[in-house]
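Working notes, structure below.
The values are calculated or read from the model by the stated rules, or taken from the named source; none is laboratory data. Please read these numbers as outputs of a predicted model, since none were measured by experiment. Positions of Cβ are backbone-derived with ideal geometry, glycine not excepted, and every protein chain shown enters the neighbour counts. Ligands, DNA and RNA are stripped out before the accessible areas are found, and what is left, the full protein with its side chains, is counted by its heavy atoms. Shrake-Rupley method; radii C 1.70, N 1.55, O 1.52, S 1.80 Å.
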Amino acid sequence: MNLELSEDQRLVVQGVHDFAQGEIAPRAREMDAEATIPAEILDQMRALGIFGAGIPEEHGGLGLDMVTYTGIVEELSRACAGVGIVLSVHTSVAAYPLLRFGNDEQRERFLPRMAQGEIGAFCLSEPSSGSDAAALKSTARRDGDQYILNGQKIFVTNGALAQFYFLMAKTDPDAQPAHHGITAFLVERESPGLSLGRKEDKMGLRASDTMELFLEDCQVPAANRIGDEGRGFHIAMNSLDNGRVGVAAQALGIAQAAFDEAIRYAKERKQFGQPLVHFGAIQDKIAIMDTRIQAARLLVRQAAWLKDQGRKFTRQAAYAKLFATETATWVAHQAVQIHGGYGYMKEYPVERYYRDARVTEIYEGTSEMQRIVIARALLRGE
Ligand code: COS
């Protein structure tokens, strides 16, 4: 594995860095306060082709590899983590499973639209199923050339922005084991019987919307079923392997931003007659913060590189997510600490990074679930 980005990869990531720092970062505080992403930022991302970053050129995307893609997610998240997760969810758990598990007709019908920036969302969690994803209760009943879906989804990232919902429902609620009864669908926003509920009022990541979604006799063409009946859990888990690398890259972006701010502040702020960076206690924090960030980046790159080689990367995705997200919360915590009282004030961005980082240890599989995935893979000898 090459630890350095190639020149092509570096140029793409640098381009996104410049765009994100120029257009997104200056508005991140406003986006957090107003809990929304301005339409013009999404339009700029569309114009740059960012929503097609992970979609092959033959389907209208940029056809970038996963290593470059994680660099893009990191740079967007460094500017605003809420913007980073829009791309991550759209790519990893909506466009990707369509590419991997959809048929030719589905790929041709949907991927060019996704590449142009019609946004995707992922609907797995329900009020009574989160970590135990197979316990979901939503149903899908075949009725001629369509399915009738009923149920409720929660914590749908991109819920309000999305045109496409990659959604899991049970076609066989009595199946044993339960996950063999789950089927995947690509549901379009205008589908009769689909409605959005409450927008969640979150601690952090406020620019990104998180919605409830209701299915009441929702009509979905059978042609929108992705894969065979009963394969939905496998598809969801496979998609989450990608999603977890994306969330790890997002966390890395938050950690890098918090670190950069901590250094900047520690060089400027004077106490006891000298800048904070002259104190051993601060240098100690800075050294460990950066060591953890460097290690997290290597884990993200390793998982992405394995995916690019077409190799299994479930365990490495879990390593990356577990380590990068815990690094983000830890680094943001230290960054607030270095800022002292100012770090607790909204005037300084570290307060936002601290809140934004927290959810990365929770969504797309908690740290506890990542440890289960790692331990089981090791015990199986993978
Ligand atoms: N890719 C493809 N298939 C996978 C997979 C992966 N990474 N991991 C598991 N599977 C498949 C297994 O092959 C198995 O299929 P078969 O029975 O057909 O062989 C099936 O899934 C069940 O595997 P397992 O018994 O290991 O799963 P469990 O039900 O015990 O659950 C965990 C495994 C806990 C790891 C899983 O439920 C999980 O990841 N939960 C977290 C869900 C989550 O991330 N929720 C957040 C929602 S998104 S915000």
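Count the lysine pairs in region 234-379 whose Cα atoms lie under 18 Å apart, taking only pairs 8 or more positions apart in sequence or on different chains.
Number of lysine pairs found: 4.
What residue among Met66, Asn103, Met114 has its Cα farthest toward the positive end of the dipole of region 7-115, where the charges are +1 on Lys, Arg and -1 on Asp, Glu, each on the Cβ?
In region 7-115, that residue is Asn103.
On the full set of protein chains, 1.4 Å probe, figure out the accessible area of Cys123 and give it in Å² to the nearest 10.
Estimated to the nearest 10 Å², Cys123 gives 0 Å².
At 222 nm, what helix-only mean residue ellipticity would the chain give, in deg cm²/dmol to the nearest 500, using -39500 (n - 2.57) for each DSSP H run of four or more? Each step should come with its number before you reach the end.
On the way: 12 runs with 186 residues, N = 382.
Calculated at 222 nm, the ellipticity per residue is -16000 deg cm²/dmol.
Between rounded, prolate and oblate, where does region 120-230 land on the alpha carbon gyration tensor, with a ≥ b ≥ c its root eigenvalues, rounded for a/c under 1.5, else prolate if a/b exceeds b/c?
Since a/c reaches 1.5 but b/c is at least a/b, the shape of region 120-230 is classed as oblate.
Between beta-carbons, use under 13 Å as the cut-off and find the net charge around His339, counting Lys and Arg +1, Asp and Glu -1.
Values: positive: Arg264, Lys267, Arg269, Lys285, Lys346, Arg352; negative: Asp260, Glu261, Glu268, Glu347, Glu351.
That sum, taken over residues with Cβ under 13 Å, equals +1.
Could you provide, to the nearest whole Å², the per residue accessible area of the chain with probe 1.4 Å?
Computed with neighbouring chains in place, this is 42 Å² per residue.
Charges on Cβ only, +1 for Lys and Arg, -1 for Asp and Glu, centred on the Cα centroid of the chain; of Val187, Phe19, Phe164, which one is farthest towards the dipole's positive end?
Going by the charge dipole, the pick is Phe19.
Output the relative contact order of region 291-382, whole-number percent, from Cα pairs under 8 angstrom with separation of 6+ residues.
The value is 28 percent.
Taking θ = phi - 60°, what integer Hz values does the Karplus form 6.51 cos²θ - 1.76 cosθ + 1.60 yield along region 119-135, in sequence order, with x for Gly and Pro?
Listing the rounded values in order: 7, x, 10, 10, 10, 10, 5, 9, x, 10, 9, x, 4, 7, 4, 5, 7 Hz.
Given the options Pro192, Pro112, Pro97, state which has the largest fluctuation in a GNM of the chain using a 10 Å cut-off (strictly under) for Cα springs.
It is Pro192.
Expressed as a whole number of Å, what is the distance separating the alpha-carbon centroids of region 139-153 and region 346-376?
About 33 Å separates the Cα centre of region 346-376 from the one of region 139-153.
Rounded to a whole number, what % of the accessible area of region 234-379 do carbon and sulfur atoms account for, probe 1.4 Å?
Using a 1.4 Å probe with all protein chains present, region 234-379 comes out at 56 percent carbon and sulfur.
Given a cut-off of under 8 Å on Cα pairs at least six residues apart, what relative contact order in percent is computed for region 120-230?
32 percent
Quick one: which residues, 5 or more positions from Thr210 or on another chain, have an amide H under 5 Å from its amide H? H modelled 1.01 Å from N in the peptide plane, none for Pro or chain starts.
For Thr210, the qualifying residues are Glu200.
What is the dipole size for the chain, taken about its Cα centre, with +1 at each Lys and Arg Cβ and -1 at each Asp and Glu Cβ, in debye to the nearest 20?
Dipole magnitude for the chain comes out near 1080 debye.
Explain nothing, just the number: dipole magnitude of region 234-379 about its Cα centre with +1 on each Lys and Arg Cβ and -1 on each Asp and Glu Cβ, in debye rounded to the nearest 20.
For this selection, approximately 300 debye.
Got a number for the accessible area of Lys199? Probe 1.4 Å, square angstrom, nearest 10.
Rounded to the nearest 10, the figure is 90 Å².
Quick one: grab the alpha carbon gyration tensor of region 192-348, order the square roots of its eigenvalues as a ≥ b ≥ c, and give me rounded if a/c is under 1.5, else prolate or oblate depending on whether a/b is larger than b/c.
Here region 192-348 falls in the oblate category.
Dipole of region 120-230, Cα-centred, from +1 at each Lys and Arg C-beta and -1 at each Asp and Glu C-beta, to the nearest 20 debye? Mind dumping the intermediate values first?
Numbers: 11 positive and 16 negative charges, 63 e Å.
Once rounded to the nearest 20, the dipole reads 300 debye.
Of all the accessible heavy-atom surface of region 120-230, with the other protein chains kept in place and a 1.4 Å probe, what percent is carbon and sulfur? It would help to have the intermediate numbers written out before the result.
Details: 2130 of 4540 Å².
In region 120-230, the share of accessible area belonging to carbon and sulfur is 47 percent.
Would you pull out the residues with amide H under 5 Å of Arg231's amide H, same chain only if 5 or more places away, H placed 1.01 Å from N?
Under 5 Å from the amide H of Arg231 lie the amide H atoms of Ala184, each far enough along the sequence or on another chain.
Taking every DSSP beta bridge with both residues inside the chain, roughly what % is antiparallel (nearest 5)?
Just about 85 percent of them are antiparallel.
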